[in-house]
Amino acid sequence: MSTESSKRSQKSEVRSQNKRTAAIFYITDNGFKLAQEIRKLYPDARVFKFKADAVSKSWGENNALIFLMASGIVVRTIAPLIKDKKTDPAVVVLDEKGRYAVSLLSGHLGGANGLAKEIAAFLKGEAVITTASDVQGKVSLDLWAKDNDLYIEDFEKLKKLSSKIVNGKKIKVWPDHTIKVPDEFITVDSAKGAELIISHKLVKSNALFLRPKTLITGIGCNRGTSAAEIENTIKKVLLKEKLSFHSIRNLATIDIKKDEKGLTGFAGENKLDIKFFSKEELNSAVSTFDLARSKTVEAATGAMAVAEPAALLSAGSDKLLVPKQKIGNVTVAVAIRKSEVRSQKSEKQNPSLVTRHPSLFIVGTGPGNIEHITPSAQEAIRRSDVIVGYGTYLDLVPELIKGKEVVSTGMTKEVDRCRKAVELALQGKTVAVISGGDPGIYAMAGLVFEMIRAEEQKSKRAKETPPCSSPCQGEDRRGQTSALLRFGTSALSVEVIPGISALNACAARLGAPLMHDFASISLSDRLTPWEVIEKRLEAAAAADFVIALYNPKSKGRQEHINRAQEIILKHRSPDTPVGIVKGAMRENEEIVITDLKNMLSHDIDMQTTVIIGNSKTFVWNNRIITPRGYEKKIQ
Ligand code: SAH
């Protein structure tokens, strides 16, 4: 999981990918109503009353423009703004009743076809798609390239091949690694004679090149090296090694270079992420892979080497494609991403492997209503092929998961769900594990990490032990090697997307009870012994923390809340304000403001969170407020 440590210091993957930012324009009252409806699907979309200058402003700022009006108005307004299908936003037009969603511009690369289909499905209308490949049910080359994260080198050649496809002909393709290709392609076994080449290698050919994002470039440089020198050196090394610059997935270096202007400038100009590693991580990779060490580098940075270990760590690989090369102030080393190495090796075993980096999102969907799911969480769900979660939470987000593969098991089967999610991600699918509230608070995030860690340890042990004939470590009960062990967990990119937890939602409903130090305690003893829970209740009550009680009562645990009240009453006045919120931000929401002595006369269940004030907490105008000490300042 070494790649993860750097990712955390980077922009989140969800955000750095083309996130949909939508603007909706309406003219009539019906249009306005429809805009509000569509916002349920894209809650972060902005809604504007139609005006030509608002449209021109949005053109550069949003990547999806949705118009609820006659298409003539739209065509006249956007005509002077249209530039290029690589950069123009998706434009979708709907009639004000939402019966038809017309994909007007940037159907493929801009995503208007997908957007029109998504909206039409949501409104139960019809998507109007006019791009030939879609009408004929044939693959669209540009979209296929985009979906597979392939850089298109020449749009003129792409156009020619696309028209060949829509005219019913097949195109000859040579991929240099395993990739699932559509029916319209015939795979040939060398670059010669191919019309389409999918490779990070520079080979002589008139074919169209699609460049997979497979290369990780490790960089070391002296302080103050310019962006131009870094760029020239990388290009020189890649050219010499016959590798495409467009196949660079990301750069990798030591964390003390976070403020290296030349490096960040070069990365920014070329829209490349930089993964940063600490000197400890780099040194451990130098020892593990027995890499060359430099005394000068060590004196300057504390790391025995930078470019080579950084490239390997970020690639999740154990072999360099290009060992380090130093030119002037810059050192460059290149590694291939592990998932690609894997797919090259395992071609025969598993022909359906795609080159996409396995991704697992652990997503918090907030307390209930779709409006309280963050845009990042929505995006992660939209981008996922498979959604894994508990039924109740899935029911709260029906629009977002429509049409996706859903893996759902009962509440107590978290471990099964989690294992399934990791397995599917390792098969190359993008998977979202969904939890209500925040995924890291009494939910799935910890379990996912614990499971990956355990599997990693198992895998290490299995490597150390010689093969055995009967089921042994790394094999499941049926004697099959688990996907985790076959592929290794370091190839997996895991990202936690936070959500609004019950305590945030309930506190907001009650007023401001959590303004001062608070403790959250779950009364569920399913995984924690009851004695430990009592101890924590006692300590939090004695220390005058505001206390948020999660899982306060279930059918099998009616008594715990009584015991909690008893313990807290030992330290706090019976008049202490207590807020009881059931189903916060859901349709069945109920809010009760009471006090410690009376709290048990109200309905408390598993959808409820109880917040108990501290010695200073007061009730005012039906709100619970815990003062923080501003009193003197406002009087
Ligand atoms: N990950 C969740 C917590 C899961 S534990 C989060 O961050 O919110 C489940 C408990 O959370 C429930 O028993 C209840 O105490 C609380 N809870 C979850 N959703 C809630 C809601 N909408 N209103 C009130 N309490 C809620």
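The values are calculated or read from the model by the stated rules, or taken from the named source; none is laboratory data. All values reported here derive from a predicted model rather than from experimental measurement. Here the Cβ positions follow ideal geometry from the backbone for every residue, glycine too, while neighbour counts run over all protein chains shown. Heavy atoms of the whole protein, side chains included, go into the accessibility calculation; ligands, DNA and RNA do not. Shrake-Rupley method; radii C 1.70, N 1.55, O 1.52, S 1.80 Å.
The table that follows gives values for the structure above.
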item	result
Largest to smallest principal axis extent of the C-alpha atoms in segment 409-453, angstrom	27, 20, 18
Label-to-label distance, nm, for residues given as residue 621 and residue 319 (7 Å Cα→Cβ offset)	7.0
Fraction in percent of alpha-carbon pairs per bin - 5 Å, segment 19-130	2, 14, 26, 29, 20, 7, 1
Volume of the Cα convex hull of segment 184-257, divided per residue and given in Å³	106
Packing rank of 106-113, 398-405, where each peptide gets the mean count of other beta carbons within 10 Å, highest leading	106-113, 398-405
Those GluC sites (Glu not before Pro) in segment 199-301 that DSSP places in a loop and that have at most 16 other beta carbons within 10 Å	241
Under 5 Å, built H, 5+ apart or other chain: amide partners of residue 365	435, 436, 437
Percent carbon-and-sulfur accessible area, the chain, ignoring ligands, DNA and RNA, probe 1.4 Å	51
Calculated FRET efficiency for the pair residue 407/residue 46, C-beta based, R₀ 41 Å, to 0.05	0.75
Counting all C-alpha pairs of segment 120-259, share separated by more than 28 Å (%)	35
Per-residue ³J(HN,Hα) for segment 201-215, Karplus 6.51 cos²θ - 1.76 cosθ + 1.60, θ = phi - 60°, Hz, x for Gly and Pro	8, 8, 10, 6, 5, 8, 5, 7, 9, 10, 9, x, 8, 10, 9
The chain pair-distance distribution - Cα-Cα, 10 Å bins, rounded %	3, 13, 19, 23, 21, 14, 6, 1, 0
Residue-averaged [θ]222 nm for the chain, counting only DSSP H segments that reach four residues, each worth -39500 (n - 2.57)	-10000 deg cm²/dmol
Violating pairs (Cα-Cα greater than 22 angstrom) within the set 85/138; 85/261; 159/236; 117/404; 213/279	85/261; 159/236; 213/279
Low-density loop positions, GluC sites (Glu not before Pro), segment 536-618 - DSSP coil, at most 12 other Cβ in 10 Å	559, 587
J(HN,Hα) series, segment 54-62, from Karplus relation 6.51 cos²θ - 1.76 cosθ + 1.60, nearest Hz, glycine and proline x	5, 5, 4, 5, 5, 3, x, 9, 10
Tensor-based shape of segment 544-635 (alpha-carbon gyration tensor, a/c under 1.5 rounded, otherwise prolate or oblate)	oblate
Karplus-derived 3J(HN,Hα), 6.51/-1.76/1.60, for each residue of segment 36-46, Hz, glycine and proline x	5, 5, 5, 5, 5, 7, 10, x, 8, 5, 9
FRET efficiency for residue 557 and residue 385, using Cβ-Cβ distance with R0 set to 45 Å, rounded to 0.05	0.75
Added length on full extension, which subtracts the Cα-Cα distance from 0.36 nm per residue, residue 295 to residue 239	17.3 nm
Cleavage-rule hits, trypsin sites (Lys or Arg not before Pro), segment 302-341, DSSP coil, Cβ neighbours within 10 Å at most 12	319
Packing-based ranking, highest mean first, of 175-181, 247-253, 77-83 given that Cβ atoms within 10 Å are counted	247-253, 175-181, 77-83
Extension gain (nm, one decimal) between residue 264 and residue 416, 0.36 nm per residue minus Cα-Cα	50.5 nm
Mean Cβ count within 10 Å, highest first, over the residues of peptides 598-605, 114-121	114-121, 598-605
